[in-house]
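The values are calculated or read from the model by the stated rules, or taken from the named source; none is laboratory data. Here the structure is a predicted model, which means the values were calculated and not measured. Quick reminder, even Gly has a Cβ in these numbers, built from the backbone with ideal geometry, and neighbours come from all protein chains shown. For the accessible areas, the whole protein counts, side chains as well, though only heavy atoms, and no ligand, DNA or RNA atoms are used. Shrake-Rupley method; radii C 1.70, N 1.55, O 1.52, S 1.80 Å.
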Amino acid sequence: MRESGGYREIWVLSWPAMLAQMLVSTGSLVDIAMVGRLGPHAVAAVGYASQFFNLAQAMLFAIGTACVALMARAIGAGDRPRARVALADSLVVSFGTALLFLAIILAAPRWYLRGLGAEPEVIDAAIPYLVLVLLATIFLAISTTLESALRAELERIAHGRGKRLGAFKSDGQCAGAIGAESDGRGLDVEGGD
(Lines give C-alpha, C1' and ligand atoms only; values in the text may rest on other atoms or scores of the structure.)
Protein backbone atom coordinates (compact mmCIF):
# COMPACT_ATOMS: atom_id res chain seq x y z
CA MET A 1 0.00 0.00 0.00
CA ARG A 2 1.33 3.43 -0.98
CA GLU A 3 1.60 6.20 1.59
CA SER A 4 -0.24 9.39 0.65
CA GLY A 5 1.92 12.39 -0.19
CA GLY A 6 4.67 10.29 -1.75
CA TYR A 7 4.66 12.13 -5.06
CA ARG A 8 4.82 15.49 -3.32
CA GLU A 9 7.78 14.36 -1.19
CA ILE A 10 9.61 13.17 -4.28
CA TRP A 11 9.19 16.58 -5.92
CA VAL A 12 10.10 18.47 -2.75
CA LEU A 13 13.29 16.45 -2.37
CA SER A 14 14.28 16.28 -6.02
CA TRP A 15 13.69 19.80 -7.38
CA PRO A 16 16.98 21.28 -6.04
CA ALA A 17 19.02 18.53 -7.71
CA MET A 18 17.00 18.83 -10.92
CA LEU A 19 17.54 22.59 -11.01
CA ALA A 20 21.27 22.23 -10.36
CA GLN A 21 21.65 19.63 -13.12
CA MET A 22 19.65 21.73 -15.59
CA LEU A 23 21.71 24.85 -14.86
CA VAL A 24 25.01 23.01 -15.29
CA SER A 25 23.84 21.42 -18.55
CA THR A 26 22.51 24.73 -19.83
CA GLY A 27 25.94 26.25 -19.23
CA SER A 28 27.54 23.77 -21.63
CA LEU A 29 24.89 24.44 -24.26
CA VAL A 30 25.43 28.19 -23.96
CA ASP A 31 29.19 27.68 -24.32
CA ILE A 32 28.73 25.74 -27.55
CA ALA A 33 26.27 28.32 -28.89
CA MET A 34 28.68 31.16 -28.15
CA VAL A 35 31.72 29.57 -29.79
CA GLY A 36 29.82 27.99 -32.68
CA ARG A 37 30.45 31.10 -34.78
CA LEU A 38 34.20 30.82 -34.19
CA GLY A 39 34.54 27.65 -36.19
CA PRO A 40 34.97 23.91 -35.77
CA HIS A 41 38.22 24.10 -33.77
CA ALA A 42 36.58 26.28 -31.14
CA VAL A 43 33.56 23.97 -30.90
CA ALA A 44 35.88 20.96 -30.59
CA ALA A 45 37.90 22.75 -27.90
CA VAL A 46 34.76 23.39 -25.85
CA GLY A 47 33.68 19.79 -26.38
CA TYR A 48 36.97 18.39 -25.10
CA ALA A 49 37.15 20.74 -22.10
CA SER A 50 33.52 20.02 -21.22
CA GLN A 51 34.30 16.31 -20.90
CA PHE A 52 36.74 17.04 -18.08
CA PHE A 53 34.16 19.27 -16.41
CA ASN A 54 31.53 16.53 -16.71
CA LEU A 55 33.93 14.06 -15.08
CA ALA A 56 34.56 16.46 -12.18
CA GLN A 57 30.82 17.11 -11.89
CA ALA A 58 30.09 13.38 -11.60
CA MET A 59 32.61 13.02 -8.76
CA LEU A 60 31.24 16.07 -6.95
CA PHE A 61 27.62 14.93 -7.28
CA ALA A 62 28.59 11.58 -5.77
CA ILE A 63 30.07 13.41 -2.78
CA GLY A 64 26.88 15.47 -2.58
CA THR A 65 24.85 12.26 -2.47
CA ALA A 66 26.94 11.05 0.45
CA CYS A 67 26.39 14.42 2.16
CA VAL A 68 22.62 14.07 1.82
CA ALA A 69 22.72 10.54 3.21
CA LEU A 70 24.93 11.39 6.19
CA MET A 71 23.08 14.57 7.07
CA ALA A 72 19.64 13.00 6.65
CA ARG A 73 20.68 10.13 8.90
CA ALA A 74 21.91 12.57 11.56
CA ILE A 75 18.83 14.80 11.22
CA GLY A 76 16.54 11.78 11.51
CA ALA A 77 18.35 10.73 14.68
CA GLY A 78 18.08 14.27 16.06
CA ASP A 79 21.88 14.50 16.25
CA ARG A 80 22.63 18.11 15.29
CA PRO A 81 26.36 18.01 15.98
CA ARG A 82 26.76 14.93 13.78
CA ALA A 83 24.86 16.68 10.96
CA ARG A 84 27.17 19.71 11.24
CA VAL A 85 30.22 17.45 11.15
CA ALA A 86 28.82 15.61 8.12
CA LEU A 87 28.38 18.94 6.31
CA ALA A 88 31.84 20.18 7.25
CA ASP A 89 33.46 16.88 6.25
CA SER A 90 31.55 16.86 2.97
CA LEU A 91 32.75 20.38 2.19
CA VAL A 92 36.36 19.39 2.89
CA VAL A 93 36.15 16.22 0.78
CA SER A 94 34.37 18.00 -2.07
CA PHE A 95 36.76 20.97 -2.09
CA GLY A 96 39.78 18.65 -1.82
CA THR A 97 38.51 16.45 -4.65
CA ALA A 98 38.02 19.49 -6.90
CA LEU A 99 41.54 20.76 -6.11
CA LEU A 100 43.10 17.35 -6.69
CA PHE A 101 41.29 16.89 -10.00
CA LEU A 102 42.29 20.41 -11.03
CA ALA A 103 45.94 19.74 -10.18
CA ILE A 104 46.05 16.37 -11.96
CA ILE A 105 44.51 17.64 -15.20
CA LEU A 106 46.31 20.99 -15.28
CA ALA A 107 49.68 19.30 -14.61
CA ALA A 108 49.64 17.96 -18.17
CA PRO A 109 46.60 19.24 -20.11
CA ARG A 110 48.24 18.77 -23.53
CA TRP A 111 48.98 15.13 -22.71
CA TYR A 112 45.36 14.43 -21.73
CA LEU A 113 43.94 16.24 -24.76
CA ARG A 114 46.37 14.51 -27.12
CA GLY A 115 45.37 11.19 -25.52
CA LEU A 116 41.76 11.95 -26.44
CA GLY A 117 42.78 12.52 -30.06
CA ALA A 118 42.59 16.32 -30.17
CA GLU A 119 44.46 18.04 -33.00
CA PRO A 120 47.19 20.57 -32.09
CA GLU A 121 45.02 23.55 -33.09
CA VAL A 122 42.18 22.25 -30.95
CA ILE A 123 44.53 21.67 -28.02
CA ASP A 124 45.77 25.26 -28.23
CA ALA A 125 42.19 26.52 -28.25
CA ALA A 126 41.05 24.12 -25.51
CA ILE A 127 43.63 24.82 -22.82
CA PRO A 128 42.46 28.33 -21.79
CA TYR A 129 38.85 27.15 -21.65
CA LEU A 130 39.89 23.98 -19.80
CA VAL A 131 41.65 26.06 -17.15
CA LEU A 132 38.54 28.22 -16.77
CA VAL A 133 36.07 25.35 -16.41
CA LEU A 134 38.32 23.42 -14.05
CA LEU A 135 38.71 26.47 -11.83
CA ALA A 136 34.91 26.64 -11.81
CA THR A 137 34.82 23.14 -10.31
CA ILE A 138 36.08 24.62 -7.04
CA PHE A 139 32.90 26.72 -6.83
CA LEU A 140 30.84 23.78 -8.06
CA ALA A 141 32.26 21.68 -5.21
CA ILE A 142 31.08 24.16 -2.61
CA SER A 143 27.69 24.87 -4.20
CA THR A 144 26.93 21.19 -4.83
CA THR A 145 27.71 20.30 -1.23
CA LEU A 146 25.61 23.15 0.14
CA GLU A 147 22.75 22.23 -2.20
CA SER A 148 23.00 18.66 -0.91
CA ALA A 149 22.84 19.88 2.68
CA LEU A 150 19.71 21.83 1.81
CA ARG A 151 18.20 18.69 0.28
CA ALA A 152 18.82 16.89 3.57
CA GLU A 153 17.10 19.77 5.36
CA LEU A 154 14.20 19.66 2.87
CA GLU A 155 13.73 16.01 3.72
CA ARG A 156 13.28 16.99 7.37
CA ILE A 157 10.85 19.73 6.37
CA ALA A 158 8.94 17.35 4.10
CA HIS A 159 8.53 14.95 7.00
CA GLY A 160 7.73 17.77 9.44
CA ARG A 161 10.19 16.59 12.07
CA GLY A 162 12.36 18.46 14.51
CA LYS A 163 13.81 21.92 14.61
CA ARG A 164 15.60 23.62 11.77
CA LEU A 165 19.13 22.34 11.27
CA GLY A 166 22.16 23.81 9.63
CA ALA A 167 25.50 25.33 10.28
CA PHE A 168 24.73 28.69 11.88
CA LYS A 169 24.43 28.97 15.62
CA SER A 170 21.61 31.07 17.04
CA ASP A 171 24.10 33.76 18.10
CA GLY A 172 25.09 34.18 14.43
CA GLN A 173 28.49 32.55 14.82
CA CYS A 174 29.32 30.39 11.83
CA ALA A 175 29.78 26.73 12.68
CA GLY A 176 30.34 25.63 9.10
CA ALA A 177 28.72 27.02 6.00
CA ILE A 178 25.25 26.76 4.54
CA GLY A 179 22.76 28.91 2.67
CA ALA A 180 19.27 29.93 3.62
CA GLU A 181 16.01 28.05 3.88
CA SER A 182 13.19 28.76 1.46
CA ASP A 183 11.73 31.33 3.86
CA GLY A 184 14.95 33.33 3.54
CA ARG A 185 16.07 32.86 7.15
CA GLY A 186 19.38 31.29 8.07
CA LEU A 187 19.26 27.72 9.26
CA ASP A 188 19.34 27.54 13.04
CA VAL A 189 21.42 24.95 14.83
CA GLU A 190 21.49 25.85 18.49
CA GLY A 191 18.18 27.68 18.95
CA GLY A 192 14.62 26.77 18.19
CA ASP A 193 12.27 28.05 15.49
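Any residue in the range 52-72 that is of a type in the set (S, T, N, Q), under 27 Å from Ala33 (Cβ atoms) and within 18 Å of the chain's Cα centre (by Cα)? Yes, because at least one residue in the range 52-72 is of a type in the set (S, T, N, Q), under 27 Å from Ala33 (Cβ atoms) and within 18 Å of the chain's Cα centre (by Cα). Within the range 39-71, being of a type in the set (A, V, I, L, M, F, W, C), open to solvent by 40 Å² or more (accessible area, probe 1.4 Å) and within 20 Å of Leu116 (Cβ to Cβ) holds for Val43, Leu55, Ala58, Met59. Scanning the range 86-116 for residues that are aromatic (Phe, Trp, Tyr) and surrounded by 19 or more Cβ atoms within 10 Å (Cβ to Cβ), which turns out farthest from Ala45 (Cα to Cα)? Here the answer is Phe101. Taking every residue in the range 86-106 that is among the charged types (D, E, K, R) and pairing it with any residue that is modelled with pLDDT under 95, at least 6 positions away or on another chain, the pairs with Cβ-Cβ distances below 9 Å are Asp89/Cys67; Asp89/Leu70.
Does Phe95 meet the test of being at pLDDT 90 or above and touching a helix residue (DSSP H, G or I) at 6+ places or on another chain (Cβ under 7 Å)? The answer is yes for Phe95.
Here Ala180 meets each of (1) of a type in the set (Gly, Ala, Ser); (2) within 30 Å of Ala45 (Cβ to Cβ); (3) at pLDDT below 95 with one exception, condition (2).
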